[in-house]
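Single-structure report; data block below.
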């Protein structure tokens, strides 16, 4: 039986891991009601909620581990034993350990895994919480600690100066049939299957540009994009942008809401990388600047 050691900042693991998980679930953008609030106040409120989300007890800043399971028994240090059998995972706590699942005392039994039709079950032991995630045909333990040092010392995120120039009304070009696409991450060899429902087409500095979201056109659009600020002012592996579904053939791309992927904050996430089609040959000087060095 192999012991999985949960040590924040483990360099070897950081090289294997990602840019993630995909930050699931994706948050929907707030709607700006210009009749009741200024654009500046809207962005300030939106950014405040963004920071609050990052600082949740089980937010990206409190992640302390992501360790892959092997078939058979895996020891979760000081907590219990996880057993992987095919696609099934069960957990048994060590004697004297008090664990809860769904708010109820837990001693032993199967665990629901992230990636299925049901939400993953969270195992709580003291200040730590973990779930089992699935990426491709591999399973891993993802663990948070509400006492994580990265959570306690979070300094905030620097932003580009706010400008309405970067709030763009793009023309929506729906695809007759959603296009299948494989999106890479920094998990070596792992590709995630998505569909692209269409493209947002817009012009900046005389250049006609396109961005393709993944997912459904009837729900919040999720764009994974790169631009020429990456690796300089912004995170080297790209940024995320969310937008409301198209309305009357228009999609509003508000780059003032461009955000760092979870992997900018932690080595224990599994973020997607921008598809080649979403690499913009310009500088998007809006939204969040880089954070950390993951």
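Annotations
- Filtered by the rule that a residue be surrounded by 11 or more Cβ atoms within 10 Å (Cβ to Cβ) and part of a strand (DSSP E or B), region 177-189 gives 178, 179, 181, 183, 184, 185.
- Any hit, region 219-227, residues being part of a loop (DSSP other than H, G, I, E, B) and either in the same structural domain as residue 68 (by TED's automatic domain parsing) or touching a helix residue (DSSP H, G or I) at 6+ places or on another chain (Cβ under 8 Å) (or both): no
- When 174, 161 are checked against the criterion of being outside any strand (DSSP E or B) and surrounded by fewer than 19 Cβ atoms within 10 Å (Cβ to Cβ), 161 stands alone in meeting it.
- With respect to (1) touching a residue at least 24 places away in the same chain (Cβ under 8 Å); (2) over 19 Å from residue 74 (Cβ atoms), the lone exception for residue 143 is condition (2).
- Of all the residues in region 96-119, those that are outside any loop (DSSP other than H, G, I, E, B) and either in contact (Cβ under 8 Å) with a residue 40 or more places away in the chain or surrounded by 13 or more Cβ atoms within 10 Å (Cβ to Cβ) (or both) number 5.
- The lone exception for residue 83 - which of (1) farther than 29 Å from residue 110 by Cα; (2) modelled with pLDDT of 90 or more; (3) more than 17 Å from the chain's Cα centre (by Cα) it fails: (1)
- Test: residue 199 is modelled with pLDDT under 95 and surrounded by 14 or more Cβ atoms within 10 Å (Cβ to Cβ): no
- Options 208, 214: the member that is touching a residue at least 12 places away in the same chain (Cβ under 8 Å), assigned by TED's automatic domain parsing to the domain that holds residue 240 and farther than 30 Å from residue 126 by Cβ: 214
- Members of region 71-87 found to be in a loop (DSSP other than H, G, I, E, B) and surrounded by fewer than 20 Cβ atoms within 10 Å (Cβ to Cβ), listed by number: 71, 77, 78, 86, 87
- Qualifying residue in region 239-261 (condition: part of a helix (DSSP H, G or I) and more than 26 Å from residue 180 (Cα to Cα)): yes
- Single residue of 169, 219, 192, 233 found to be modelled with pLDDT of 95 or more and under 21 Å from the mean Cα position of the chain (by Cα): 233
- Residue 135 being in contact with a strand residue (DSSP E or B) (Cβ under 7 Å, 6 or more places away or on another chain) and either assigned by TED's automatic domain parsing to the domain that holds residue 235 or touching a residue at least 40 places away in the same chain (Cβ under 8 Å) (or both): no
- Screening residue 259 against (1) under 20 Å from residue 155 (Cα atoms); (2) surrounded by 23 or more Cβ atoms within 10 Å (Cβ to Cβ); (3) at pLDDT 95 or above; (4) touching a helix residue (DSSP H, G or I) at 6+ places or on another chain (Cβ under 7 Å) leaves a single unmet condition, (2).
- Qualifying positions in region 204-216 - over 20 Å from the mean Cα position of the chain (by Cα) and more than 23 Å from residue 289 (Cα to Cα): 206, 207, 208
- Of all residues in region 120-142, those satisfying the criterion of being farther than 17 Å from residue 70 by Cβ and in a strand (DSSP E or B) are 123, 124, 125, 128, 129, 131.
The values are calculated or read from the model by the stated rules, or taken from the named source; none is laboratory data. Source: prediction; values computed, not measured. No Cβ is skipped: glycine too gets one built from the backbone with ideal geometry, and neighbour counts run over all protein chains shown.
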